[in-house]
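The values are calculated or read from the model by the stated rules, or taken from the named source; none is laboratory data. Computed from a prediction, not measured in an experiment: that's the story for all the values here. No Cβ is skipped: glycine too gets one built from the backbone with ideal geometry, and neighbour counts run over all protein chains shown. With ligands, DNA and RNA removed, areas are computed over all heavy atoms of the protein, side chains included. Shrake-Rupley method; radii C 1.70, N 1.55, O 1.52, S 1.80 Å.
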Amino acid sequence: MSAATEAIAEQELNPWIAAERRFNEAAERLAMDDGLRKVLRTPSREITVYIPVVLDDGRIEVFTGYRVQHSIARGPAKGGIRYAPDVSLEEVRALASWMTWKCAVVNIPFGGGKGGVICDPNVLSQGELERLTRRYTADLIEFLGPDKDVPAPDMNTNDQVMAWVMDTYSMHVRHTTTAVVTGKPLDLGGSRGRTEATGRGCMIVTQQALERFGLKPTDTSVVIQGFGNVGGMAARLMARAGFRIIAIIEYDGAVLNNKGLDIEALLLHRKETGSIRDFPGGTNVDRDEALYLECDVLLPAAKENVITSRTAPHLRCRILTEGANGPTTPEADRILEEKGIFVIPDILANAGGVTVSYFEWVQDRQGFFWNEDLVNTRLEEIMVGSFRDVVKYSAQHKVNNRTAAYMLALDRVAFAIKLRGLYA
Ligand code: NAD
């Protein structure tokens, strides 16, 4: 690969550049004034903390952590905390702005935030992770709170980490405050239906898209990349609803069955063998090839930057439901549009998770917990309503769904800022 091509590829894959491009396109189409653009583009606050932790062997290590609050115009900042060796302020900033737009698209009363700590959770013991989490939380204590900033799990953090954040915050404010984080264990104020919420949301918006093609779930073939929380749940729920899941793609291989995979059996096979490969109910296929299979729905639910200027020309799906965050680059958007693929953009398709996080926050504040049916019914109302809003906006403004979703989100946040006015 030449140096020039590498430079282009690197730019294409940069999440902050992608976020900026989408923002600029939507702001341009909205004819938003320059001042408001500056406000919306710039995060409200970026905090860097240096976290000293005593390791199990007695040595002291200092980790770097970030919390970016992109916007609090429509409510408290909302967004996950990730632990990974390659966390950077630029990445956290891009993810925080995505959260602002995502919460606005589904019209829930939150702004956007994100946090991260540069560390390798695979080499840290549980005790080290707990001390790291507690010190990170303590260093951010005045910036967090149910009315200020409400974190959630993200890459390499889970309900246990959220329980430590909640406990540390509660010890500082001297009373139990479950609403300071979401994605908690059920016994500590978590919500029913949260684990399934993102996958369920993907299924709901896909069902809405099917109506436009006159397809029923039973006529619909689906390829899913990623068999983790989002992809695994989407696969399980969609299979139960009658969809034909013809292929699952994982990091170590892919499995195909044109008649439809038995998802429960595949989950069991992966549990027993540690891999989806060599599943008796399907055939092993090349994972790059599997992305290009002819299908009605492709659901990338693994990682960012999967659909790029290189892969997009080969896709053979009718509907692209973006379960992952940022699976498609702006360069690929243009190609998808030319190919006439109906895209359900990430800030809409995977917003089921943050929507049920919102329900968790509401339930914690009320001290009254809903049954799973009520959670799922309310999730469906929001996802269906938001899908219709985006599609309507897209038709009205003659733009693709992604631009429509960004325009709708920017418009809502800008409206809140205008109503509030700029203080001082
Ligand atoms: P996860 O870690 O549970 O699952 C990801 C799966 O993808 C894993 O099984 C992993 O092995 C697989 N994978 C990794 N690289 C791959 C590759 N190159 N090819 C194929 N498979 C690969 O993570 P998750 O929570 O399911 O999140 C997946 C995506 O969805 C991420 O982009 C995340 O930001 C986004 N997301 C998650 C939620 C949520 O509620 N969990 C909400 C919104 C968005």
Those residues of the stretch 106-144 which are open to solvent by 10 Å² or more (accessible area, probe 1.4 Å) and in a loop (DSSP other than H, G, I, E, B) amount to Asn107, Pro109, Asp120, Leu124, Ser125
Within the stretch 323-340, the residues that are within 19 Å of the chain's Cα centre (by Cα), more than 13 Å from the ligand (Cβ to nearest atom) and open to solvent by 10 Å² or more (accessible area, probe 1.4 Å) are Pro330, Asp333
- prompt: Is it true that some residue in the stretch 150-167 is of a type outside the set (A, V, I, L, M, F, W, C), more than 21 Å from the chain's Cα centre (by Cα), more than 19 Å from Cys103 (Cβ to Cβ) and assigned to a loop (DSSP other than H, G, I, E, B)?
  reply: no
Residue pairs within 6 Å by beta carbon, gap of at least six or interchain, first lying in the stretch 348-375 and under 16 Å from Pro151 (Cβ atoms), second within 16 Å of the ligand (Cβ to nearest atom) and open to solvent by 30 Å² or more (accessible area, probe 1.4 Å), listed first then second, are Val356/Arg194
All conditions in (1) of a type in the set (Gly, Ala, Ser); (2) crowded, with 19+ Cβ neighbours inside 10 Å; (3) under 21 Å from Ile51 (Cα atoms) are true of Ala179 except (3)
Residue pairs qualifying under the 6 Å Cβ cut-off, at least six apart or on distinct chains, with the first in the stretch 164-189 being farther than 21 Å from Thr355 by Cα and the second being in a helix (DSSP H, G or I) and charged (D, E, K, R), are Trp164/Glu130; Trp164/Arg134; Thr168/Arg134
Apart from one, (1) more than 16 Å from the ligand (Cβ to nearest atom); (2) among the acidic types (Asp, Glu); (3) open to solvent by 10 Å² or more (accessible area, probe 1.4 Å) all hold for Asp149; the odd one out is (3)
> Does Val165 satisfy the condition of being modelled with pLDDT of 95 or more, touching a helix residue (DSSP H, G or I) at 6+ places or on another chain (Cβ under 7 Å), within 16 Å of the ligand (Cβ to nearest atom) and open to solvent by less than 40 Å² (accessible area, probe 1.4 Å)?
Replying inline: no
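Specify which of the listed residues (Gly226, Gly189, Gly231) is surrounded by 16 or more Cβ atoms within 10 Å (Cβ to Cβ), of a type outside the set (Val, Ile, Thr) and at negative phi.
Gly231
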Scanning the stretch 301-322 for residues that are within 12 Å of the ligand (Cβ to nearest atom) and closer than 16 Å to Glu10 by Cβ, the one modelled with the lowest pLDDT turns out to be Glu304
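Among the residues of the stretch 211-218, are any open to solvent by less than 10 Å² (accessible area, probe 1.4 Å) and either aromatic (Phe, Trp, Tyr) or modelled with pLDDT of 95 or more (or both)?
Checked the stretch 211-218: no residue is open to solvent by less than 10 Å² (accessible area, probe 1.4 Å) and either aromatic (Phe, Trp, Tyr) or modelled with pLDDT of 95 or more (or both).
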Any residue that is crowded, with 24+ Cβ neighbours inside 10 Å and among the β-branched types (Val, Ile, Thr) - is there at least one of those in the stretch 375-387? no
How many residues of the stretch 341-374 are in a helix (DSSP H, G or I), open to solvent by 10 Å² or more (accessible area, probe 1.4 Å) and away from the ligand (no atom under 16 Å from the Cβ)? The answer is 7
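Take Ala73 and decide whether it is under 20 Å from Leu348 (Cα atoms), in contact (Cβ under 8 Å) with a residue 60 or more places away in the chain and open to solvent by 10 Å² or more (accessible area, probe 1.4 Å).
Working: under 20 Å from Leu348 (Cα atoms): yes; in contact (Cβ under 8 Å) with a residue 60 or more places away in the chain: yes; open to solvent by 10 Å² or more (accessible area, probe 1.4 Å): yes.
Yes; evaluated as a whole, the condition is true for this residue.
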